[in-house]
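Undergrad: Dropping a structure here in structure tokens format, bear with me for questions.
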Amino acid sequence: MLADEFNNLYSSLFKKADEYIKIITQLCKKKSGYTRSELTELLKLKTGGGFTRRLEELEQCGFIRKYLPISGRTHIYQLIDFFTLFYLQFGGEKSTFDRNMWMHLQASNKYNTWLGLSFERLCFAHIHQIQHALGISGVGTKTYALQTSSVQMDMVIDRADDIANLCEMKYTRDAYALSKTEAEKLQKRRNELSAALPKKSIIPILITNNSAKHNEYYNQLIYNNITLKNLFL
């Protein structure tokens, strides 16, 4: 039923919709997004007011967001529209549509990966609820994903009170259990963030759709666990 909705949506909103679709299709390839110069280079476009206007219109319509990374020098554009992300992941090839498509997808790694990424984006769409759950609604913050040369951080809440929350987001079918391997990865991310923000205390937070098991690794590293229900309070 939604096979043609993608093109209908963009055509109804934008003249020369194919130019906007090229931008969001490229943005879909990297979950943390691209800078303006990276986009123009990858898309082989001329820099100018027309491209800037298209980015602004996509942002105003809620398809993308613009944010400053930890360096604070160059904005990054990130695709955040849930329907667009879903369509580009699963609906781009109409030849794959069949009555049992969804049943087949649910047993695939592609589907499980999409669940995890969608949960991350859901969390970014509910930043205020996360701040409320942490008790920092009145604190000035900047929130972003962060990628260094060696690690990827799902979400960093950079606070004005000399603290930064390193948020790890996990979608699982059952209660999440932090393993030794994942704990080591989280500690590495914590060390990297501490080096990037040397004047701040780094506090790891776990955000899960279900509850989390309080095992030895959880007790060593995690300060708080926010669950799906907190995002909708």
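Undergrad: If you take the residues of region 161-174 that are under 15 Å from Phe119 (Cα atoms) and surrounded by fewer than 18 Cβ atoms within 10 Å (Cβ to Cβ), which of them is farthest from the chain's Cα centre (by Cα)?
TA: Filtering region 161-174 for residues that are under 15 Å from Phe119 (Cα atoms) and surrounded by fewer than 18 Cβ atoms within 10 Å (Cβ to Cβ), the one farthest from the chain's Cα centre (by Cα) comes out as Asp174.
Undergrad: Which residue, of Asn100, Asn109, is closer than 28 Å to Glu168 by Cβ and loosely packed, with under 11 Cβ neighbours inside 10 Å?
TA: Asn109
Undergrad: Taking helices (runs of 4 or more DSSP H) that fall entirely within region 123-233, which contain at least 3 residues that are farther than 28 Å from Leu79 by Cβ?
TA: In region 123-233, 180-196, 216-221 are the helices (runs of 4 or more DSSP H) which contain 3 or more residues that are farther than 28 Å from Leu79 by Cβ.
Undergrad: Which condition does Gln89 not pass, out of (1) crowded, with 16+ Cβ neighbours inside 10 Å; (2) modelled with pLDDT under 90; (3) of a type outside the set (Val, Ile, Thr); (4) over 27 Å from Asp154 (Cβ atoms), if it passes all the others?
TA: Only one criterion in (1) crowded, with 16+ Cβ neighbours inside 10 Å; (2) modelled with pLDDT under 90; (3) of a type outside the set (Val, Ile, Thr); (4) over 27 Å from Asp154 (Cβ atoms) is unmet by Gln89, namely (4).
Undergrad: Continuing with the same structure: Being in contact with a Lys or Arg (Cβ under 8 Å, 6 or more places away or on another chain), more than 22 Å from Lys16 (Cα to Cα), among the polar types (S, T, N, Q) and loosely packed, with under 15 Cβ neighbours inside 10 Å: is that true of Thr74 here?
TA: So Thr74 fits the description; yes.
Undergrad: Additional query: Only one residue in Thr84, Thr35, Thr74, Thr25 is hydroxyl-bearing (Ser, Thr, Tyr) and at pLDDT below 90. Which one?
TA: The unique qualifying residue is Thr74.
The values are calculated or read from the model by the stated rules, or taken from the named source; none is laboratory data. None of these values were measured; they are calculated from a predicted model. Cβ: placed from backbone, ideal geometry, glycine included. Neighbour counts: every protein chain shown.
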